[in-house]
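Right, one structure below, let's go through it.
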Amino acid sequence: MGVNESKGRHLILVLTSFTILIMTYPLLWIFLRPLLFSALPDTTARTIYLLFSSAIAPLIAGLYILFKTRSIPEITVKRNMFCAVLAGIGGCWLIYKITRFFGVGPVLPGSSIYELIRIFWIILWAPFVEEALFRGYFLEILKLKWNNIGALLLSSLLFTLPHLFNIKIISLTSILLYGFSIFADSIIFGMVYLQGGLIAAFVVHAFANLYEFF
């Protein structure tokens, strides 16, 4: 009974933090976005909103877990880090080629300041905050009382769900293809994290996002 209760507490902690993450985005959209767009030029408002929203939602979710656990994600360099990074980069490239084959188009950047900052956000900032939250916290907490496979699958499912909001054309095909690519990438990120640590997962995640521009 004690073990089951402990598993339940770990799961509730992760799901509560995930709910906080999901709920923060619409709240920022409702309250912050109108304020910025009413006071600033369009490009400036979009840029500030992108940076602020991408920072504040994972930060709030992470701070909740930090408050509950009194621990921060471990940034360690493991012996298998180099091999894990190479395998992860190759695996994500394969997923990228599969999704391209089935027609998921590239994220072509523009030339405005907003687009340049968006490139920075996609390649560097997003991998950093997402790996810290989904692997450094979610996967690590779940694997304390669950086996690695269960923790990997659940954390990857949680990683996939908010990314589905990025789909521009809503159809069953686009949801399945995009969902598959995100879930498969997340499995790879998690495996790299387990073998090589948080830095390795961040590097592979950054490469996976970089592929989207080709």
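Remark: spin-label model distance R9-A55 equals 3.5 nm, labels positioned 7 Å along the Cα→Cβ axis.
Other residues with beta-carbon under 15 Å from the beta-carbon of I48 carry, at +1 per Lys or Arg and -1 per Asp or Glu, a net charge of +1. In the chain, the DSSP-assigned H stretches of four residues or longer account for a calculated mean residue ellipticity at 222 nm of -24000 deg cm²/dmol, using -39500 (n - 2.57) per stretch and the full residue count as denominator. Local charge for P34 was computed over the other residues whose Cβ lies under 15 Å away, with Lys and Arg +1 and Asp and Glu -1, and equals +1.
Of L35, L51, L142, the residue with the greatest mean-square motion in the GNM of the chain, using alpha carbon springs below 10 Å, is L35.
The charge dipole of the chain, taken about its Cα centre with unit charges on the Cβ of Lys, Arg, Asp and Glu (plus for the first two, minus for the last two), comes to roughly 320 debye.
Taking the Cα centre of region 2-211 as the origin and placing charges on Cβ (Lys, Arg +1; Asp, Glu -1), which of T47, L27, A200 is farthest toward the positive end of the dipole? Looking along the dipole axis, the top candidate is A200. Top mean-square fluctuation among M81, M191, M23, Gaussian network model of the chain, C-alpha springs under 10 Å? Among M81, M191, M23, the largest mean-square fluctuation in the Gaussian network model of the chain belongs to M23. Taking the chain as a Gaussian network of alpha-carbon nodes connected by springs under 10 Å, the highest mean-square fluctuation of the residues A151, A45, A184 belongs to A45.
If you compute Cα extents along the principal axes in Å for the structure shown, which of (1) 42, 39, 29; (2) 68, 40, 35; (3) 56, 39, 36 do you land on? Computed from the coordinates, Cα extents along the principal axes in Å corresponds to (3).
Every number here is computed from the coordinates shown, using simple stated rules; none is lab data. Nothing here was measured: the structure is a model prediction, and the numbers come from that model. Heads up, the Cβs are rebuilt from the backbone with ideal geometry, glycines too, and the neighbour counts pull from every protein chain shown.
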